[in-house]
2 protein chains.
Amino acid sequence: MDDQFTKQVMTHKTSAVGELLKLAQTDEVISFAGGLPAEEFFPVEALKQAFERVFRMGNKALQYGLTEGYTPLREQISQRLMHRNIRVSSDEMLLTTGSQQAVDLVAKVYLEPGAVILTENPTYLVALQAFRYYSVQIIPVLSDEKGMDPEDLAAKIEKYHPKLVYVIPTFANPTGWIWDTSRRVNLIEECDRNHVLILEDDPYGEIKFAPNDYYPSMMSLAQQAGSDCVLYTSTFSKTVVPALRIGWICGNRTLIKAMIHAKQGADLHSSSLDQQALFQLLDHYDLNAHILTISAEYQRRMQLMITLLHQQRLGQVNWTEPKGGMFLWLELAEELDTEMVLKHALQEGVAFVPGHEFYVGSPQKNTLRLNFSHTSVEEMPAGVERLGRAIHQSLSSVR
Amino acid sequence: MDDQFTKQVMTHKTSAVGELLKLAQTDEVISFAGGLPAEEFFPVEALKQAFERVFRMGNKALQYGLTEGYTPLREQISQRLMHRNIRVSSDEMLLTTGSQQAVDLVAKVYLEPGAVILTENPTYLVALQAFRYYSVQIIPVLSDEKGMDPEDLAAKIEKYHPKLVYVIPTFANPTGWIWDTSRRVNLIEECDRNHVLILEDDPYGEIKFAPNDYYPSMMSLAQQAGSDCVLYTSTFSKTVVPALRIGWICGNRTLIKAMIHAKQGADLHSSSLDQQALFQLLDHYDLNAHILTISAEYQRRMQLMITLLHQQRLGQVNWTEPKGGMFLWLELAEELDTEMVLKHALQEGVAFVPGHEFYVGSPQKNTLRLNFSHTSVEEMPAGVERLGRAIHQSLSSVR
């Protein structure tokens, strides 16, 4: 191999934890690590019929499509968003390969090297990974289970003049937390006043355990206030299936247009066959009823996980019971480092993600993320028991 | 709209021709503009069955997949490449959203701002569009129907110390030209000696009008010479269907690994459902026979187009008869500007792409690209007749 080539490659630290967790992808390990939806609930039959409908539409359905995505699907998403009090037309929207691509494209068209982004802390690690390719400066804002701390936010906007604030306000990854409405309004006011763009990442917002709970999206609050300081992105990966990789981003028309141009260079367009099939699915299938079903099941799994965790008598451990989403965030005894706990856990046959991965700057090392959506209620007891043993072992080794 | 946001957006010149051609997408206009395969030959039934097979595999097929792509498909592509004397293992390969994404990811991991890329001139315009997002310097090398001029290439490598040379050596877009083997070998020797990476873009290489013609890929020649200075990218968009958007890139393991990391941040992975379906298609369908069929049809269309062009008595006009691919490149009388010809053409009801779009630096304004793969033999005569009228009108307006 010619070292001349490889030494010039832009390399980024490969996560040691990532490598460990890859090795753990065997049937023997019960995994609370991935952010996976429960595949036994996938609407496979409805999706199969949706593809059949597309194939009946004739050969043209398989030709090149528009960079911005299949127009009827954009129109349908625009309709669905009205239930969340978000009003965007189909030309203020771009279909992406998962919401992950939306994050990347915002960075590509809006952030020059050295630009400052504010984020919650901890936050979604692969968003951080996307941002880091653009040589930006990521500054964490003090955050708790109600959102970003208003004082710290104001101070950091003043000090750093950020271009963008990236947030997951509803059932966040990794914490499962929900921002208070007052904190949401505060963020919008601060950003609007200081011309800071907000990227609202909302992959989990529809997975609510109390169907009538209402958490206003940043986008809807901004629109009510007459501001266009919010770009909103979401995905069908958690509510339909991940394999299709269909997400979207909507907001300010000029920004969306710039992203469409950037996407053309990045991949011309995402799978237009999948987009047409998703349109057919939404047209013939009650997705809202499906979302109620999976939300109820995820709530059941979360409650079981919490009951089982109590039974493990872990002593010093804190969590906030999630009201939706897919994750439970644990804070263990202060002296524990969850990277060490993970080594014990993998030996016991259970996996999770240590909190370290989600922090900007110094991590709070006694934290960890558990996914409760993917493990069945049959497997859950064994998984939590193994986790309990790993934590007890870790405790005895540090005391 | 808050001007503070929109004025900070990284904007790139929107092509006036692109806007014109968008308007021309009506049934009344016969289009030689797009790079579209003939949809009446799409293997729709085989593809439908391929999806049915995936749906029968169970729910797990619809879960998240690997960033590098579905392993059995990578293995299958690796097998197929052996017929082209390219030897890569499945872990030296990344599946992408079309080969377009491969171009973008190479730029993302390998090119810092200010880095120099050498290209043919004219060359594929959306590759240029992808590169420009990375603030690189694109330097054209003198090119003719046999490839890059060796002297100019050597001079420009010495002068600019490029990091990358981007080429489409077989049935190029927009020219349809094929590099001589000696020019291929020369490029590899120059690049290997000077530690310059070659990105070989080969979307059309399999669409040969003489099935036994052999044009060695840069990758195979480099491997024979013991060099790993070539990254090779191709796609199934022209040989199966575009809607799936399945391409790949292969080569140096370290570079591929860096691209996998970059792709994780860019979109996690491409549609894994489509990748599994393509695997099933390749496993149950004779794609090579299909490629022979479409190649024969494209040759027939190309020959008809040339016969019809002769009948138009255009006077001063040059082309090289393509031996494969999808494009015919015309050089009209020197005094003609094909952007002006396009305006006449759209009035007549026919579209093409003026050569301007494909040049780095000053364009040769009397050139244009005709696509012959998408227009049926029934529609072809009317299309070429309209084009002939537009050229004659343009000639009389400048003389």
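Taken together, the values in this text are just the output of simple stated rules run on the coordinates, not laboratory data. The structure displayed is predicted, hence computed values, not measured ones. Virtual Cβ from ideal backbone geometry, glycine too; neighbours counted across all protein chains shown.
Here the protein assembly as shown is assigned +1 on the Cβ of each Lys and Arg and -1 on the Cβ of each Asp and Glu. Its dipole about the Cα centre then comes out at about 100 debye.
Once you list every other residue whose beta carbon is under 15 Å from the beta carbon of A:Leu308, what net charge do they have if Lys and Arg are +1 and Asp and Glu are -1?
0
Among the trypsin sites (Lys or Arg not before Pro) found in segment B:37-137, those both in a DSSP coil and sparsely packed, with 15 or fewer other Cβ atoms within 10 Å of their Cβ, are B:Arg87. Taking 26 Å as the straight-line reach from the Cα of B:Lys159, the lysines in range (excluding those fewer than 8 positions away in the same chain) are A:Lys7, B:Lys108, B:Lys146.
Label points for B:Leu142 are taken 7 Å from Cα along Cα→Cβ. From this copy to the others they lie 6.7 nm apart, shortest first. Computed from backbone phi with θ = phi - 60° and the Karplus coefficients 6.51, -1.76 and 1.60, the 3J(HN,Hα) list for segment A:296-309 is 4, 5, 5, 4, 4, 5, 4, 5, 5, 4, 5, 4, 5, 4 Hz; x is used for glycine and proline.
The overall shape of segment B:46-284 is prolate: from the C-alpha gyration tensor, with semi-axes ordered a ≥ b ≥ c, the ratio a/c is 1.5 or greater and a/b exceeds b/c.
For chain A, set up a Gaussian network in which alpha carbons nearer than 10 Å are linked by springs, and say which option among A:Gln312, A:Gln224, A:Gln63 fluctuates the most. Sorting by GNM fluctuation, first place goes to A:Gln63. Placing unit charges on the Cβ atoms of the charged side chains and taking the dipole of segment A:44-284 about its Cα centre, the candidate lying farthest along the positive direction among A:Leu128, A:Met93, A:Ile157 is A:Met93. In chain B, the calculated helix contribution to ellipticity at 222 nm averages -13500 deg cm²/dmol per residue, counting -39,500 (n - 2.57) for every DSSP H run with n ≥ 4. Around the Cα centre of segment B:213-362, unit charges on the Cβ atoms of Lys, Arg, Asp and Glu (plus for the first two, minus for the last two) sum to a dipole of about 420 debye. When DSSP beta bridges are restricted to pairs lying wholly in segment B:46-284, around 45% turn out antiparallel.
Between this copy and the others, label points of B:Gln347 are 8.4 nm apart in ascending order, each placed 7 angstrom from Cα in the Cβ direction. Largest GNM mean-square fluctuation across A:Gln276, A:Gln223, A:Gln316, computed for chain A with C-alpha springs under 10 Å, falls on A:Gln316.
I'd like the distance between the alpha-carbon centres of segment B:282-314 and segment B:338-399, rounded to an integer number of Å. Distance between centres, Cα-based: 20 Å. Sparsely packed loop sites in segment A:310-379 (the GluC sites (Glu not before Pro) outside DSSP H, G, I, E and B with at most 16 other Cβ atoms within 10 Å) comprise A:Glu334, A:Glu335, A:Glu378, A:Glu379.
Distance from the alpha carbon centroid of segment B:119-161 to that of segment A:56-129 works out to 33 angstrom.
Phi angles across segment A:91-105 convert, under the Karplus curve 6.51 cos²θ - 1.76 cosθ + 1.60 with θ = phi - 60°, into 3J(HN,Hα) values of 8, 10, 9, 10, 7, 10, 7, x, 6, 3, 5, 4, 4, 4, 5 Hz, Gly and Pro given as x.
The mean sequence distance of close C-alpha pairs (under 8 Å, at least 6 residues apart), as a share of the length of segment B:46-284, puts its relative contact order at 30 percent. Selection among B:Pro216, B:Met82, B:Tyr64 by position relative to the dipole of chain B gives B:Tyr64 as farthest towards the positive end (Cβ unit charges, Cα centre).
Overall, segment A:44-284 carries a charge dipole of about 680 debye about its Cα centre when +1 sits on the Cβ of Lys and Arg and -1 on the Cβ of Asp and Glu, all other atoms neutral. In chain B, Cα pairs under 8 Å separated by at least six residues give a relative contact order of 24 percent.
When DSSP beta bridges are limited to those with both residues in the protein assembly as shown, what percentage is antiparallel, rounded to the nearest 5? Approximately 55 percent, going by the DSSP bridge assignments. Across segment A:243-281, the residues whose backbone nitrogen lies under 13 Å from the label position 7 Å along the beta-carbon direction of A:Arg56 are A:280-281.
Distance between the 7 Å Cα→Cβ label points at A:Asp144 and A:Ala382: 4.1 nm. Going down the table (A:Lys60/B:Lys238; A:Lys48/B:Lys22; A:Lys60/A:Lys263; A:Lys238/B:Lys263), which pairs top 24 Å between alpha carbons? Flagged as over cut-off: A:Lys48/B:Lys22. Charged neighbours of A:Leu336, selected by a Cβ distance under 13 Å, balance to -2 (K, R count +1; D, E count -1). Distances between placed amide hydrogens fall under 5 Å for A:Ser143 paired with A:Asn121, A:Asp149, all partners being 5 or more residues away or on another chain. Applying the Karplus relation 6.51 cos²θ - 1.76 cosθ + 1.60 with θ = phi - 60° to segment B:169-182 yields 3J(HN,Hα) values of x, 10, 6, 4, 9, x, 8, x, 6, 10, 5, 4, 4, 5 Hz, where x marks Gly and Pro.
With a cut-off of 10 Å between beta carbons, the residues surrounding B:Ala130 carry a summed charge of 0, where Lys and Arg count +1 and Asp and Glu -1.
When A:Glu40 is represented by a point 7 angstrom out along its Cα-to-C-beta vector, the spacings to that point in the other copies are 5.1 nm, nearest first.
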